[in-house]
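K.L.:
What follows is a single structure, and I will ask about it in a moment.
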Amino acid sequence: MPKVTVDGVELDVPQGATVLQACELAGKEIPRFCYHERLSIAGNCRMCLVEVSPGPPKPQASCALPTAEGQVIRTDSPMVKKAREGVMEFLLINHPLDCPICDQGGECDLQDQSVAYGRGGSRYDENKRAVTEKYMGPIVKTVMTRCIQCTRCVRFAEEVAGVEDIGAIYRGENMQITSYLENAVQSELSGNVVDLCPVGALTLKPYAFEARPWELTKTLGIDMMDAVGTNVRIDSRGRQVLRVLPRVNDDVNEEWASDKTRHHVDGLVRRRLDRPYVRKGGALVEASWAEAFAAIKTVNAGSSVAAIAGDLADCETMFAAKALVTALGGTLLEGRQTGLDYDVTSLSAVNFNTTIAEAENADAILLVGTNLRWEAPLINTRVRKAVWKKGAKVFAIGPETDLTYKTEWLGDDASLVAKLPAHVTDALKGAERPMLVFGGGALSVPGVHGAGLALAKAVNAVKDGWNGYNVVHFSAARMGSLMLGYSLPGGIKDVIAAKPKLAFFLGADEVDFSALPDTFKVYVGHHGDKGAHAADVILPAAAWTEKDFTTVNTEGRVQRSEKAVFAPGDAREDWSIFRALADTLGVNVGFDSFDQCRAAMIAAVPALGVEGLADYGWTVPKLPAKPEARAIPSPIKDFYLTNAICRASPTMQRCSEELVHGVDFAEAAE
């Protein structure tokens, strides 16, 4: 470890560390625009200049300079101060004076650093240059006159998102950042370039001119749009969520978020269910809570009761519904609403055991029936990192698609899992950290689950310090529902076969409601979607931003989210709906408050009381290992419209039309 001196403080730094990293270890703040710890080093902006000896008698860019034994680094010398002022003066030569109308105002690195490290005035009075706006799609708004060519967006698109859609054209003062042929950026992660942009050149198009950062209430939450469990910050004003931004969690999402996570929020205030409804004469009519409860009581279902959890259901909601169903004598609980019926006797056999963070260390990977770009975009970035940085080989079975990294497609026949080509088997056996990833589409084919477990044993994917057997879910509720017992042997088919007299649908919109013609359907949810249209009674509930809750991601990580805003109208938090309904039906669910509900849930499933990875052990169920010879279906048809909130979002609808279905949108001249 080299020993260096930073402003008189001597310290040891890791081998290979840069001077900028050494300064940060010493507690010194180094200004920067182009440098980002998760991207390659560009050395464009020169704002991170420091004085280093031995070395040439001039300031040097600390981001691109490796540390060496005996270096003496100065971050506060007159030379450094003058150099930074000069760099800032150059950066501001062409920058427009539009801070009052810039959406980045209050969160702008250039604004902050010009005050901290810049001069009091400029010596340049030439005309400022102007750059035409570029079109980057429905998510990213551009004002490219503000761009300082830090190239963070270019490097992110190429290195993390895996799409080379953003680049630079021309040279010198005429250099411009643009998308390829000024088309929409074809990535489900494009919104991250806005967070990376240190100026106001790239901002969020759906959020434009909505609010200033100091107006917003910031709440820590967990995203429910997929099963990754992205850590987010919910920014709200009054009773409306205005934006969702990612929080840093190196174990889950690093500091990225998918476009669906960021921009489904305009769907939270559209198509909302804000009062109860009861079906009378074939039509749904508004009702009071008492009338809605009374209609449910008239069913006289006895113990013929079921609860079906949707993809957005949280653990407290599912536990409260289970408590009510159990108190009524029912046993029909299911969370796989689309018809999946894979074996869940061992949770470790349906878990992402490698963990999201460790996926980037795999050296041979087999993907079976999963489009990771759509099912779990932030797991796909980890696999891409394994390919890009570790040289991992990726093989895939399923419908061929662009995963943003080199993939050898073996076909879409499910039977291939049991008879892999020899070179694939050899690659997995010879790997130090082999990883198998099975998607929901794969497990829907009989025999694939057992064949996958057999393959994991054959290639030694599970060993001391490494578990390479993984199932990736796309539903945020999936692992929590399985832990709470929402899992019948035959899946939703068992519910249909039982023909329950009364069924509660917890935001479940993807069920085949026509298969339950004689069942009294109670929809407990927040959006007027498919489930609400089929319901006999609608009980308006809270969306994920409107309640405290616990959720479990695809790797079995228990996380908690906080309430950001209140539910609209007469809508109530889900647990309180089931608690009040229990009184009407004359049963006891065992709790009277949210805290009591959570305590009872933890008493029933202790693993839900500890934030972090749940320990499922490693047990292998005995399953048929002969997959049927048929094509593996894809569980997601449209990445941007996977749930009721997204389908209510104008932004997600626009993304779907433009990025999935190829509809062209003419941009009005400004």
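K.L.:
Hey, can you tell me all the residues within the stretch 573-584 that are crowded, with 19+ Cβ neighbours inside 10 Å and part of a helix (DSSP H, G or I)? Give the derivation first.
P.N.:
Restricting attention to the stretch 573-584, the residues satisfying the condition of being crowded, with 19+ Cβ neighbours inside 10 Å are 573-575, 577-579, 581-582.
Correct list: D574, W575, I577, F578, R579, L581, A582.
K.L.:
Filter the stretch 226-238 for residues that are touching a helix residue (DSSP H, G or I) at 6+ places or on another chain (Cβ under 9 Å) and either open to solvent by 10 Å² or more (accessible area, probe 1.4 Å) or acidic (D, E) (or both) and give the result.
P.N.:
D226, D235, R237
K.L.:
As an exercise: evaluate K141 against (1) open to solvent by 20 Å² or more (accessible area, probe 1.4 Å); (2) in contact with a Lys or Arg (Cβ under 8 Å, 6 or more places away or on another chain); (3) of a type outside the set (G, A, S); (4) part of a loop (DSSP other than H, G, I, E, B) and give the number of the one condition it does not meet.
P.N.:
Looking at each condition in turn, K141 falls short on (4).
K.L.:
May I ask you to say which residue of P489, P500 is surrounded by fewer than 23 Cβ atoms within 10 Å (Cβ to Cβ), over 29 Å from the mean Cα position of the chain (by Cα) and in a loop (DSSP other than H, G, I, E, B)? Before the answer, list the steps.
P.N.:
Values: P500 fails: surrounded by fewer than 23 Cβ atoms within 10 Å (Cβ to Cβ).
Step by step, each of P489, P500 is checked, and only P489 is surrounded by fewer than 23 Cβ atoms within 10 Å (Cβ to Cβ), over 29 Å from the mean Cα position of the chain (by Cα) and in a loop (DSSP other than H, G, I, E, B).
K.L.:
If you check every pair at least six apart or on different chains, which have Cβ atoms under 8 Å apart with a residue in the stretch 591-613 that is within 14 Å of M483 (Cα to Cα) first and a residue that is open to solvent by 90 Å² or more (accessible area, probe 1.4 Å) and not in a helix (DSSP H, G or I) second?
P.N.:
What qualifies is A607/D615.
K.L.:
Looking at the stretch 527-556, which of the residues that are part of a strand (DSSP E or B) and not polar (S, T, N, Q) is nearest to T217 (Cα to Cα)? Even if it seems obvious, please write down each step before you answer.
P.N.:
Start the filter on the stretch 527-556 by keeping residues that are part of a strand (DSSP E or B), which leaves 527, 537-541, 549-552.
Then drop every residue that is not not polar (S, T, N, Q), which leaves 527, 537-541, 549, 552.
Values: H527: 24, V537: 35, I538: 31, L539: 28, P540: 25, A541: 22, F549: 19, V552: 25 Å.
Once the filter is applied, the top-ranked residue is F549.
K.L.:
What strands (runs of 3 or more DSSP E), lying completely within the stretch 277-330, carry at least 2 residues that are more than 21 Å from F513 (Cα to Cα) and free of Cβ contacts under 8 Å to residues at least 60 places away in the same chain?
P.N.:
Values: elements: 277-280, 283-286, 305-309.
Where strands (runs of 3 or more DSSP E) fall fully within the stretch 277-330, none carries at least 2 residues being more than 21 Å from F513 (Cα to Cα) and free of Cβ contacts under 8 Å to residues at least 60 places away in the same chain.
K.L.:
For the stretch 174-206, enumerate the residues that are of a type outside the set (A, V, I, L, M), part of a strand (DSSP E or B) and either without any contact (Cβ under 8 Å) to a residue 60 or more places away in the chain or out of contact with any helix residue (DSSP H, G or I) (no Cβ under 9 Å at 6 or more places or on another chain) (or both). Walk me through it before giving the result.
P.N.:
Of the stretch 174-206, the ones of a type outside the set (A, V, I, L, M) are 174, 176, 178-180, 182-183, 186-188, 190-192, 195, 197-198, 200, 203, 205-206.
If we keep only those that are part of a strand (DSSP E or B) too, we end up with 176, 178-179, 203.
Passing the criteria: Q176, T178, S179.
K.L.:
May I pose another question? Which one of the conditions (1) touching a residue at least 60 places away in the same chain (Cβ under 8 Å); (2) in contact with a strand residue (DSSP E or B) (Cβ under 7 Å, 6 or more places away or on another chain); (3) open to solvent by 10 Å² or more (accessible area, probe 1.4 Å); (4) not in a strand (DSSP E or B) does E159 fail to meet, given that it meets all the rest?
P.N.:
Tallying (1) touching a residue at least 60 places away in the same chain (Cβ under 8 Å); (2) in contact with a strand residue (DSSP E or B) (Cβ under 7 Å, 6 or more places away or on another chain); (3) open to solvent by 10 Å² or more (accessible area, probe 1.4 Å); (4) not in a strand (DSSP E or B), E159 fails exactly one: (2).
K.L.:
Can you tell me which residues in the stretch 614-633 are of a type in the set (A, V, I, L, M, F, W, C), open to solvent by less than 50 Å² (accessible area, probe 1.4 Å) and within 28 Å of the chain's Cα centre (by Cα)?
P.N.:
A614, I632
K.L.:
Is one or more of the residues making up the stretch 461-480 farther than 25 Å from I602 by Cβ, open to solvent by 30 Å² or more (accessible area, probe 1.4 Å) and among the hydrophobic types (A, V, I, L, M, F, W, C)?
P.N.:
Yes, the conditions are met somewhere in the stretch 461-480.
K.L.:
Report yes if G55 is at pLDDT below 90, surrounded by 13 or more Cβ atoms within 10 Å (Cβ to Cβ), assigned to a loop (DSSP other than H, G, I, E, B) and more than 31 Å from the chain's Cα centre (by Cα), otherwise no. Outline the logic, then answer.
P.N.:
Working: at pLDDT below 90: yes; surrounded by 13 or more Cβ atoms within 10 Å (Cβ to Cβ): yes; assigned to a loop (DSSP other than H, G, I, E, B): yes; more than 31 Å from the chain's Cα centre (by Cα): yes.
It is true that G55 is at pLDDT below 90, surrounded by 13 or more Cβ atoms within 10 Å (Cβ to Cβ), assigned to a loop (DSSP other than H, G, I, E, B) and more than 31 Å from the chain's Cα centre (by Cα).
K.L.:
Take the conditions part of a helix (DSSP H, G or I) and open to solvent by 40 Å² or more (accessible area, probe 1.4 Å) and apply them to K389. Does it pass? Explain how you work it out, then say what you get.
P.N.:
On the way: part of a helix (DSSP H, G or I): yes; open to solvent by 40 Å² or more (accessible area, probe 1.4 Å): yes.
So K389 passes the test.
The values are calculated or read from the model by the stated rules, or taken from the named source; none is laboratory data. Model, not experiment: these values are computed from the prediction. As a convention, Cβ positions derive from the backbone with ideal geometry for all residues, glycine included, and neighbour counts pool all protein chains shown. These accessible areas exclude ligands, DNA and RNA; they are computed on the full protein's heavy atoms, side chains included. Shrake-Rupley method; radii C 1.70, N 1.55, O 1.52, S 1.80 Å.
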